[in-house]
1. For the protein assembly as shown, what does the helix formula give at 222 nm: sum of -39500 (n - 2.57) over DSSP H segments with n ≥ 4, over the residue count, nearest 500 deg cm²/dmol?
2. Rg (Å, one decimal) plus Dmax (Å, integer) for the alpha carbons of segment B:565-702?
3. Would you work out the charge dipole size for segment B:545-621 about its Cα centre, treating the Cβ of every Lys and Arg as +1 and the Cβ of every Asp and Glu as -1, and quote it to the nearest 20 debye?
4. Quick one, can you get me the convex hull of the C-alpha atoms of segment B:366-446 expressed as volume per residue in Å³?
5. Using 0.36 nm per residue, how much length does the chain from B:D99 to B:A113 gain when fully extended, once their Cα-Cα distance is taken away?
6. Measuring from centroid to centroid over Cα atoms, what is the spacing of segment B:558-594 and segment B:323-357 in Å?
7. From Cα pairs below 8 angstrom and at least 6 apart in sequence, can you work out the relative contact order of segment B:325-429, rounded to a whole percent?
8. Checking an interface number: how much accessible area is buried between B and A, summed over both chains, with a 1.4 Å probe, in Å² rounded to 100?
Amino acid sequence: MEGLIIEQRQGEQADRLFLDVSGELTICFVGEFREALLDGLEKATEITVNVEHVSAVDLTGLQLLCSAHRTASARDKTFGIVGRQNRIFAEAERLAGFSRHVGCVKDVGKTCIWTGGNE
Amino acid sequence: MDAHRQAYKEEAYELLAELETSLLELEEAPDDFDLINRVFRAMHTIKGSGAMFGFDDIAAFTHEVETVFDLVRNGGMAVTTELVNLTLSSRDLIKGLLDASDGGEPVAATDLAEVVARLKRLVPAPKIGSPLPAGPAAEPAAVADAGKVVPVTYRLRFVPVPEVTVNGTNPLLLLGELRELGKCRIVAQMANVLLLDALNPECCYIFWDVILTTDRGIDAIKDVFIFIEDDCELKIDVIDDGGALDTDADYKKLGIILTERGDLSLAEMDEILSRQKRFGELLVENNVVPPEKVESALVEQQHVKEVRKERQAQENASSIRVPADKLDLLVNLVGELVTVQARLSQTAAGKADPVLVTIAEEVERLTNELRDTALNIRMLPIGTTFSKFKRLVRDLSAELGKDIELTTAGAETELDKTVIEKLNDPLVHLIRNSLDHGIEAPEARLAAGKPRQGTVHLAAVHSGDSVLITITDDGAGLDKEAIRAKGIERGIIPANAELSDKEIFGLIFAPGFSTAKTVTSVSGRGVGMDVVKKAIEALRGTIDLASERGKGTVITIKLPLTLAIIESLLVKIGVDSFVIPLSIVEECVELTRDDLKNAHGRNLANVRDQIVPYVPLRERFRIAGETPEIEQIVITRVHDSRIGFVVDHVVGEHQTVIKSLGKMYKDVNGLSGATILGDGSVALILDIPRLVRDVELEQLTN
């Protein structure tokens with residue numbers, strides 16, 4: 001098991017934070033990731049998670065990202081994902097039926113992380 | 001009404017064929033639910049439409065049989081050989097009733113009553129306290145009348161308990177399994193996902209809406225969730241039943257109707273429409289339904305639309321039913337056209353008018369395409385004939401006390417409808433022979449170290465412009481000595497004749513030849529093989545036989561693809577034209593006066609150091625006049641030997657539209673028909689196998 005590695009990176013602006021995630025974004029490590037997300041949301045107003053180097057992702061991993069987006073919206077902060085073209089990530093997203101045209105009712109800022117690329 | 005009755009009958013005959021095939025398959029796989037359903041559906045349709053078109057006797061009788069099969073379908077009764085036997089007899093009786101309505105022999109009411117009584121005896125008495133198991137709660141998938149399973153579209157809502165992931169289930173794998181069942185769209189509903197502070201990240205707060213089109217049935221869907229039945233809520237609805245109940249509810253929208261009538265202009269309609277918002281948008285705006293639910297519903301709408309569109313496309317591409325005589329008429333007309341076209345081409349070539357030549361070439365190209373298409377329409381897969389033989393073998397082997405299996409290959413091979421029809425009787429003869437004389441009794445087979453069950457293999461395959469049909473059995477093979485002795489006894493061959501294996505086997509095709517010691521109801525009356533050979537030759541085909549003592553026999557029938565138009569070689573003797581089917585022509589060589597002198601009166605030519613016997617046709621047909629200085633030998637291959645036919649000139653290849661010679665000439669040997677040439681004159685089609693046989697017989701008797 002390679003585990004989950006989360007690297008925090010400060011953006012150019014002080015309130016912008018990048019979380020580079022690599023390894024397994026799965027049920028074994030989602031607790032850890034949740035802490036990292038909560039920590040990030042405390043520190044910054046704009047958080048971007050990079051999933052480009054994720055080697056495995058399951059439902060709980062996807063769900064956590066969704067929850068993070070909602071939490072950010074509720075706190076008037078911005079949350080986004082980059083690296084969704086990662087084949088493993090894209091496949092899990094497709095299989096789980098996460099891809100969609102419009103965000104959910106809580107997506108007031110129309111920033112849903114799953115829009116675009118619906119089948 | 002009569003047209004409807006006729007249509008019903010045609011359908012009923014097809015259903016009876018389907019019923020027979022299904023029953024035979026069912027005997028092999030008595031637990032196959034799909035087959036039981038096919039049998040039931042076939043009977044159900046025969047009954048239902050029978051009653052509708054006034055075939056009350058058929059409807060009443062079929063109802064009784066159907067009732068028994070309904071029991072089988074619901075698991076109240078097992079499929080046994082006895083049941084299959086009785087149902088097959090019922091099928092024959094229904095066919096009898098259908099035939100009777102056409103003036104055939106009436107079916108005795110006692111026969112019907114007996115089968116019904118025997119069927120009823122098969123039905124087990126219901127056990128007290130154990131009600132018959134109910135049928136499946138829902139049909140596995142809609143089964144159309146043709147017995148084909150059609151895909152059904154389901155709407156699933158899958159709501160797992162939050163702990164499902166903690167318990168070790170990966171919902172993604174389940175969704176993956178669903179995707180494998182058919183065309184599938186999955187929308188995750190995330191409304192219940194909590195904020196990070198409250199979220200237990202190891203739990204699952206998501207549920208799914210799935211739209212799935214599958215032909216695997218509802219049980220297959222339930223099976224996917226079988227291991228987490230207690231850990232989830234699952235709701236499955238049918239939203240499209242595969243067209244079984246399609247009453248196309250989609251009619252034009254009001255705006256379209258009004259614009260079509262001219263009561264509303266397109267601009268006005270667009271203007272009005274732009275004022276209104278889409279229903280979904282209104283719902284979301286007014287907070288009636290959350291957007292993700294609207295999206296999920298839209299996905300469903302889209303999915304079903306696509307499925308229906310695909311199905312419609314398939315239905316549009318399906319077939320229409322045309323009476324066979326209309327097709328025959330079409331082929332006849334095309335034949336006439338080919339003849340006229342040949343005349344046009346010939347005339348055009350003579351006139352040297354470039355415009356006319358261009359038109360003639362164009363007509364020739366179109367005619368060729370039309371000919372190929374028209375002939376293609378009449379092509380049928382030979383499989384329909386094959387399936388009939390399964391029943392034949394089943395019944396005959398039981399009668400003969402033998403254990404015989406019929407295997408088939410190449411059922412999809414296509415042949416002209418008329419050829420297939422005329423092929424039926426010869427094939428029945430040959431298969432009967434294999435069963436009766438070829439395959440040994442089970443004890444004899446075991447003693448010879450062979451498997452108890454004998455096999456007859458029926459295969460069809462395309463080979464150039466012909467189709468090869470082989471009947472192979474693993475029986476005792478032919479007894480060469482017995483055939484030879486019989487041949488001498490019957491005076492077919494002289495006592496001292498030296499014959500090759502092939503020639504000996506050829507004897508069994510001679511009229512009045514039979515080596516069977518006993519005459520059974522199946523075969524052995526000595527009328528079989530020569531009739532078979534004649535029938536095959538009437539189809540312009542050839543029949544060959546190879547056999548090895550103790551190992552079995554292979555009979556090969558070679559047939560032309562079509563009977564209507566053939567490629568042939570046009571030749572001339574004096575002013576008369578003849579055509580020879582190109583499929584048997586191997587080459588043409590010259591025959592000079594010197595060659596004739598060197599042959600010393602024997603009809604033998606030396607072709608590349610091989611001796612080829614030939615038949616001088618001018619002499620044979622007693623055509624007067626002088627032979628040219630150099631004649632031509634057209635060398636043909638008949639039954640694996642090369643035989644030449646001497647003619648004056650070889651004109652070239654010719655598209656021959658075959659015309660029959662009519663009753664007046666039915667006793668003329670050596671001619672199988674006639675054709676009309678481009679200049680309007682008639683050319684006779686040579687029946688080469690027949691000519692060869694006649695010459696051989698003459699030589700044997702001299």
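1. -14000 deg cm²/dmol
2. 14.7, 44
3. 300
4. Spelled out: Cα convex hull of segment B:366-446, divided by residues, is 88 Å³.
5. In short, 3.2 nm is gained.
6. Each part reduced to its Cα centre gives a spacing of 21 Å.
7. Averaging sequence separation for qualifying contacts and normalising by length gives 27 percent for segment B:325-429.
8. Summing both chains' loss of accessible area gives about 2800 Å².
The values are calculated or read from the model by the stated rules, or taken from the named source; none is laboratory data. Here the structure is a predicted model, which is why all the values come from computation and not from measurement. FYI the Cβ positions are ideal-geometry reconstructions off the backbone, even for glycines, and counts take in every protein chain you see. We work out accessible area using only protein heavy atoms, side chains counted, and drop any ligands, DNA or RNA first. Shrake-Rupley method; radii C 1.70, N 1.55, O 1.52, S 1.80 Å.
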